[in-house]
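*Asks:* After the structure tokens below, expect a handful of questions from me.
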Amino acid sequence: MNWNYEKAGVDREKIRASHATIAKLIKNTYDFRKGKLCDVIKGFGHYASLIDIGEGKALALHCDGCGTKVLIAQLMNKFDTIGIDCVAMCVNDLICIGAEPTTLIDYLALEKPDEIMLHEIMKGLVNAAKEINLNIVGGETAIMPDVIKGAIPGRGFDLAAFCLGVINTDSIIMGDKLSSGDIILGIESSGIHSNGLSLARKILIENAKYSLEKEIPEIGRPLGEELLEPTKIYVPAVMTAIQNAEIHGIAHITGGAFSKLKRFEPHANVGFHLQNMPEPQPIFKLIHDIGKITDDEMYKTFNMGIGLCMMSDKTNTDQIISSCDKLGLRTHIIGNVINETGVRLTTKDRTISL
């Protein structure tokens, strides 16, 4: 069987249609505060929404979760890192528009009360918050046995968060300054992060019957540990890069992977050519080979070793790479911004469209 995301239960076209419906409906609310405090600067459709709070400042808002990675945590009975993923998924999106993340509230839904699980989940949230000086000011904990079932009876939970950031309105990065010839810099991921787990689970656990606890020679550690490796938090590196160089666009490579670069098209009529992608971590080759997945499907689903992209004029390349190096993040020049819209990926033997 040749696997893809749709066969794993995730239909991208239906998701896009749902997003279009949501955007059409909520856009009607943007006028409700027109001319008042918290007027909408940018609504649905980019990495974060922006509202005007006056005096040249805006609040950036984003809500996200960990996806089906929570099921791996349940299967492994290990909950101390999933909170890091939750924070990372929120703050890494906020920084894509240049906003500094400041505050977070979480939503934790449990199948049943479990003090140990709750403590471990919250520990991950707090550790991630400490890394980037983020306040966690509250949230909601719900016990819903009829709704939350999970992968293991009694261990079911879901975790999401709402995050807030601040930015000067003249410093917002929307991608409108992107131009042909800009360099695409990719910062390495820590692995699969928090996207594509539905497909990875179907292929490796349900289809290939890999044990989560047994070491997999191809990846050098147990599969469960590899899949639970926390999403890397890019806030310090990006904020430093913004201070030292002019950044034209920032993309967190999550759901939709590199096809997500298309969201810059409404802001700048440009496209993207990825022709120097580094060798991805072994987990991606394992998924590719076992699932017999095409290259274009892999690069539409997984980050393939690059968790975040920054686009800038080539004269800024050294400053950006230096900012990342100082924080222990490896950066690669992976491509260029081009005149023709769309996202193209050149592999060893062909060029494909994502």
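*Asks:* Which condition number does Leu25 fail, the rest of (1) under 30 Å from Lys202 (Cα atoms); (2) without any contact (Cβ under 8 Å) to a residue 60 or more places away in the chain being met?
*Replies:* (1)
*Asks:* Then there's this: Got a sec? Which of Tyr5, Tyr47 is at pLDDT below 90 and crowded, with 21+ Cβ neighbours inside 10 Å?
*Replies:* Answer to the check: Tyr5.
*Asks:* Considering (1) modelled with pLDDT of 95 or more; (2) within 22 Å of the chain's Cα centre (by Cα); (3) of a type in the set (Asp, Glu), say which one Glu13 fails and leave the rest.
*Replies:* (1)
*Asks:* Which of (1) in contact with a helix residue (DSSP H, G or I) (Cβ under 8 Å, 6 or more places away or on another chain); (2) at pLDDT below 95 does Gly83 not meet, given it meets every other one?
*Replies:* For Gly83, the failing item is (2).
*Asks:* Only one residue in Leu197, Leu164 is closer than 29 Å to Gln319 by Cα and surrounded by fewer than 24 Cβ atoms within 10 Å (Cβ to Cβ). Which one?
*Replies:* Just a single option satisfies the conditions, and that option is Leu164.
*Asks:* For residues in the range 199-214 being assigned to a loop (DSSP other than H, G, I, E, B) and either of a type in the set (A, V, I, L, M, F, W, C) or under 23 Å from Cys324 (Cβ atoms) (or both), which is modelled with the highest pLDDT?
*Replies:* Leu212
*Asks:* Test each condition in (1) among the small types (Gly, Ala, Ser); (2) in contact with a helix residue (DSSP H, G or I) (Cβ under 7 Å, 6 or more places away or on another chain); (3) crowded, with 20+ Cβ neighbours inside 10 Å for Ala151 and report the one that comes out false.
*Replies:* Every listed condition holds for Ala151 apart from (3).
*Asks:* State whether one or more residues within the range 276-289 are among the hydrophobic types (A, V, I, L, M, F, W, C), buried (at least 22 other Cβ atoms within 10 Å of the Cβ) and over 19 Å from Ala8 (Cβ atoms).
*Replies:* No, the range 276-289 contains no residue that is among the hydrophobic types (A, V, I, L, M, F, W, C), buried (at least 22 other Cβ atoms within 10 Å of the Cβ) and over 19 Å from Ala8 (Cβ atoms).
*Asks:* Looking only at the range 74-107, how many residues end up being polar (S, T, N, Q), on the phi < 0 side of the Ramachandran plot and assigned to a loop (DSSP other than H, G, I, E, B)?
*Replies:* Residues meeting the conditions: 1.
*Asks:* Moving to a separate point now. Could you please give the count of residues in the range 108-131 that are in a helix (DSSP H, G or I) and closer than 18 Å to Ala88 by Cβ?
*Replies:* 12
The values are calculated or read from the model by the stated rules, or taken from the named source; none is laboratory data. The model shown is predicted, which means the values in this text are computed figures rather than measured ones. FYI the Cβ positions are ideal-geometry reconstructions off the backbone, even for glycines, and counts take in every protein chain you see.
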